[in-house]
Amino acid sequence: MKIRILGSGAGGGLPQWNCNCANCTHARGYTGDIQPRTQSSIAVSGNGTDWVLINASPDLLAQLRSHPELQPARSVRDTGIVAVMLIDAQIDHVTGLLMLRERTAPLPLYATPPVFDDLSTGLPLVPLLAHYCGVDRHDIVLDEPFEIAHAKGLRFTAIAVESKAPPYSPRRESGVPGDNIALVIENVANGARVFYAPGLAGASPAVLAAMNSAQLVLVDGTFWSQTEMIDLGLADKFAIDMGHLAQCGYRGEPGMVQLLDGLPRATRKVLIHINNTNPILDPHSAEYAAIRARGIEVARDGMQFEV
Ligand code: MLT
Ligand code: MN
Ligand code: ZN
């Protein structure tokens with residue numbers, strides 16, 4: 001199974017268009033070693049030809065241009081993307097759907113019923129796309145392994161996770177299971193697994209077991225600290241209130257690094273969906289060194305994995 005990190009940034013990307021924090025300033029000017037990052041998305045393939053796009057970021061078109069393997073050009077109009085899967089209905093994960101409207105056949109779209117609900121009401125991309133290519137809707141059932149036609153060699157399992165429905169959702173402050181999911185993606189040929197969760201506010205026993213079963217863990221790296229946005233004067237919310245478990249623990253509660261410390265040694269642990277304010281984006285920072293010393297990696301756009 002091949003995995004491509006198309007976008008390793010959180011909503012806004014790096015640099016964010018209106019941000020002049022140190023990370024954004026360096027990334028914008030290519031000063032220092034802070035690499036720009038597009039918004040959160042990965043692609044997965046069992047055979048290197050047929051790809052499942054997981055999350056459709058606002059930066060999708062640039063991401064596809066950087067990944068010609070997703071555009072095999074077997075006919076005048078063609079794509080390697082056989083389906084799109086969504087882990088939530090957040091803006092950074094769904095707006096790229098609009099960029100796929102030129103498809104010549106309805107778009108196979110996999111999401112949970114609450115996500116389809118948001119995408120049919122508050123942000124009605126599904127009915128809107130009916131006026132273009134149309135959507136071939138597939139409802140994801142939690143905890144039930146499923147396969148996708150044409151995505152040979154892959155098996156998916158969705159697990160409900162604690163995080164947040166989007167700000168526009170009526171369920172922002174009273175979520176239901178399925179507003180946010182983690183995915184376990186299995187290579188059917190060898191049983192190897194990837195755990196993917198760009199939004200994770202905490203780990204239930206089921207989520208921990210899924211993480212423990214994976215050879216590759218791609219997990220929420222949004223914030224370094226619980227109070228990061230408050231400390232920078234950029235927001236009045238804790239990381240957890242935005243649906244993200246910060247890397248550092250807070251008031252005795254473990255953070256993401258403590259969670260990752262508990263995983264088997266053979267597991268590769270990679271932080272994805274990194275917010276532009278996070279100091280781990282600077283490879284010369286003490287925070288980056290601390291993460292690396294624990295065997296945790298910081299995702300970059302274009303990173304590739306084979307499991
Ligand atoms: C989040 O995960 O909190 C998002 O990145 C928010 C957004 O897309 O605006
Ligand atoms: Mn996000
Ligand atoms: Zn910034």
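The values are calculated or read from the model by the stated rules, or taken from the named source; none is laboratory data. Quick caveat: nothing in here was measured; it's all calculated off a predicted structure. Neighbour counts are summed over all protein chains in view; Cβ atoms, including those assigned to glycine, are modelled from backbone coordinates with ideal geometry. Just so you know, the surface numbers come from the protein's heavy atoms only, side chains and all, with ligands and any DNA or RNA stripped out. Shrake-Rupley method; radii C 1.70, N 1.55, O 1.52, S 1.80 Å.
Odds and ends about this structure:
- Taken over the range 104-119, the criterion of being out of contact with any Ser or Thr (no Cβ under 6 Å at 6 or more places or on another chain) and open to solvent by less than 50 Å² (accessible area, probe 1.4 Å) is satisfied by 105, 107, 108, 109, 110, 111, 112, 114, 115, 116, 119.
- The single residue among 140, 159, 148 that is in contact (Cβ under 8 Å) with a residue 60 or more places away in the chain and of a type in the set (Val, Ile, Thr) turns out to be 148.
- Where strands (runs of 3 or more DSSP E) fall entirely within the range 216-307, those with at least 2 residues that are open to solvent by less than 40 Å² (accessible area, probe 1.4 Å) are at 216-220, 268-272, 296-298.
- Filter pass, residue 259 being within 16 Å of ligand 2 (Cβ to nearest atom) and of a type in the set (A, V, I, L, M, F, W, C): no
Yes/no per residue for (1) part of a loop (DSSP other than H, G, I, E, B); (2) without any contact (Cβ under 8 Å) to a residue 40 or more places away in the chain; (3) under 18 Å from residue 185 (Cα atoms):
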{"residue": "52", "(1), (2), (3)": "no, no, yes"}
{"residue": "63", "(1), (2), (3)": "no, no, no"}
{"residue": "74", "(1), (2), (3)": "yes, yes, no"}
{"residue": "82", "(1), (2), (3)": "no, no, yes"}
{"residue": "88", "(1), (2), (3)": "yes, no, yes"}
{"residue": "96", "(1), (2), (3)": "no, no, no"}
{"residue": "103", "(1), (2), (3)": "yes, yes, no"}
{"residue": "109", "(1), (2), (3)": "no, yes, yes"}
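- Members of the range 1-59 that are farther than 21 Å from residue 110 by Cβ, buried (at least 17 other Cβ atoms within 10 Å of the Cβ) and in contact with a His (Cβ under 9 Å, 6 or more places away or on another chain): 8, 9, 10, 11, 15, 34
- Qualifying position, being over 21 Å from residue 7 (Cβ atoms), open to solvent by less than 30 Å² (accessible area, probe 1.4 Å), in contact with a strand residue (DSSP E or B) (Cβ under 7 Å, 6 or more places away or on another chain) and not in a loop (DSSP other than H, G, I, E, B), among 210, 206: 210
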